[in-house]
Amino acid sequence: MPLGHRDLRPIRLIDFSGYSSITTESLPLLGSRDEMRFYWDSSHFKEIVGDYVLDRLFDVDSKARPVPSDLGMDLTSDTVEAVLAAQHREQSAYRGRSAADVHKLRSLVQAAVEKT
């Protein structure tokens, strides 16, 4: 810790970018009018996700709104390597479970690249 700051409480750092039950939510069936539970669209989460993040940051434990246990991982100099390793494992598992989606996305990206 830098000199002069030893008496301050350490800042908590949580990584919410990993794979979780929220970030890997299944899409509704094509043509369905069902809404997703956690997303409004491809890049906007619903309010409940923001509430989960705040609850996690401030250690709020609400029985009415339990935060998914896989949302966010504490990062410290002692945990960063384990967090990265876990994210790589989860990425591999997700790609295995979603092979058709991954293939479709790669095809769309390749088609867009070829147009440029």
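The values are calculated or read from the model by the stated rules, or taken from the named source; none is laboratory data. What you are looking at is a predicted structure, and each value in this text was computed from that prediction instead of being measured. Reconstructed Cβ throughout: ideal geometry from the backbone, glycine too, with neighbour counts over all protein chains shown. We work out accessible area using only protein heavy atoms, side chains counted, and drop any ligands, DNA or RNA first. Shrake-Rupley method; radii C 1.70, N 1.55, O 1.52, S 1.80 Å.
Couple of notes before you dig in:
- Taking the criterion of being open to solvent by 60 Å² or more (accessible area, probe 1.4 Å) and more than 15 Å from residue 25 (Cα to Cα), the residues of region 100-116 that qualify are 100, 103, 104, 105, 106, 108, 109, 110, 113, 114, 115, 116.
- Restricting region 18-41 to residues that are among the polar types (S, T, N, Q) and free of Cβ contacts under 8 Å to residues at least 40 places away in the same chain, the residue that is surrounded by the most Cβ atoms within 10 Å (Cβ to Cβ): 23
- Residues of region 47-86 classified as of a type in the set (Phe, Trp, Tyr) and surrounded by fewer than 14 Cβ atoms within 10 Å (Cβ to Cβ), total: 1
- Set 5, 44: member being of a type outside the set (D, E, K, R) and either open to solvent by less than 50 Å² (accessible area, probe 1.4 Å) or under 14 Å from the mean Cα position of the chain (by Cα) (or both): 44
- Cβ-Cβ under 8 Å pairs, at least 6 apart or on other chains, region 68-87 side free of Cβ contacts under 8 Å to residues at least 24 places away in the same chain, far side open to solvent by 60 Å² or more (accessible area, probe 1.4 Å): 79/73
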